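Before any comments, here is the structure.
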Amino acid sequence: MNEAPALSGWFAEDGTHRYPLRVYYEDTDAGGIVYHANYLRFAERARTEMLSLMGFRQREMAEGFGDVTGVSFAVRRLTIDFDAPAKLEDTLEVETRIVDIRGASFAVAQVIRRDGRVLARADLQLVTINRSGRAVRLPEPVKAAMETLHAKQTTPAHS
């Protein structure tokens, strides 16, 4: 997997992706609380950076490169639970795990935390689509990279 600046976050030993972010004024409502829809933006940024660290940039994938031919990902299903609010100037961390990989789709579980406390949990299923918006199989290099991460995430740690 490619090295990238810390702006993209990092992969933990267990294969989960960690993405830090700060809550800005633009993310909050008049009371300084993060507006609920912005958690989806935080999660999207984390998934984008995870793919980038895996060597797959969204624009390149959409335009096509190597064995990857003009694909992008669309959210097919999303469930989100809010446990506690994030506030202006909080430092958050978004954890992303790949939980399932299918022919044309994959599922991720994302947790947004502040100082270890869970603020929100999101479960998403994403589908691979071509330029016409039709579902297509995951490109083999993307699928292989996801399978490598998924294997790390499902392998029990050895003492």
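The values are calculated or read from the model by the stated rules, or taken from the named source; none is laboratory data. Not measured: the values here are computed from a predicted model. Cβ: placed from backbone, ideal geometry, glycine included. Neighbour counts: every protein chain shown.
Brief remarks follow.
- Test for Thr79: is it modelled with pLDDT of 95 or more, in contact with a Lys or Arg (Cβ under 8 Å, 6 or more places away or on another chain) and among the polar types (S, T, N, Q): no
- The stretch 106-148: number of residues that are within 18 Å of Phe73 (Cα to Cα) and either of a type outside the set (Val, Ile, Thr) or touching a Leu at 6+ places or on another chain (Cβ under 9 Å) (or both): 28
- Residue identified as exposed (fewer than 13 other Cβ atoms within 10 Å of the Cβ) and either over 11 Å from the mean Cα position of the chain (by Cα) or within 22 Å of Arg137 (Cβ to Cβ) (or both) among Glu26, Glu93, Glu60: Glu26
- Among the residues making up the stretch 105-137, a single one is over 20 Å from Ala84 (Cβ atoms), free of Cβ contacts under 8 Å to residues at least 40 places away in the same chain, among the hydrophobic types (A, V, I, L, M, F, W, C) and crowded, with 16+ Cβ neighbours inside 10 Å: Ala107.
- Which listed residue, of Ala30, Ala74, is among the aliphatic types (A, V, I, L, M), within 15 Å of Leu124 (Cβ to Cβ), out of contact with any helix residue (DSSP H, G or I) (no Cβ under 7 Å at 6 or more places or on another chain) and not in a helix (DSSP H, G or I): Ala74
- Considering residues of the stretch 5-23 that are among the aromatic types (Phe, Trp, Tyr) and crowded, with 16+ Cβ neighbours inside 10 Å only, the residue farthest from Pro156 (Cα to Cα): Tyr19
- Of the residues making up the stretch 97-128, not one is more than 17 Å from the chain's Cα centre (by Cα) and closer than 16 Å to Gln58 by Cα.
- When residues of the stretch 33-57 are limited to those that are over 16 Å from the mean Cα position of the chain (by Cα) and not in a loop (DSSP other than H, G, I, E, B), the one surrounded by the fewest Cβ atoms within 10 Å (Cβ to Cβ): His36
- If the condition is being under 18 Å from the mean Cα position of the chain (by Cα) and either in a loop (DSSP other than H, G, I, E, B) or among the acidic types (Asp, Glu) (or both), then the stretch 130-159 contributes Leu138, Pro139, Glu147.
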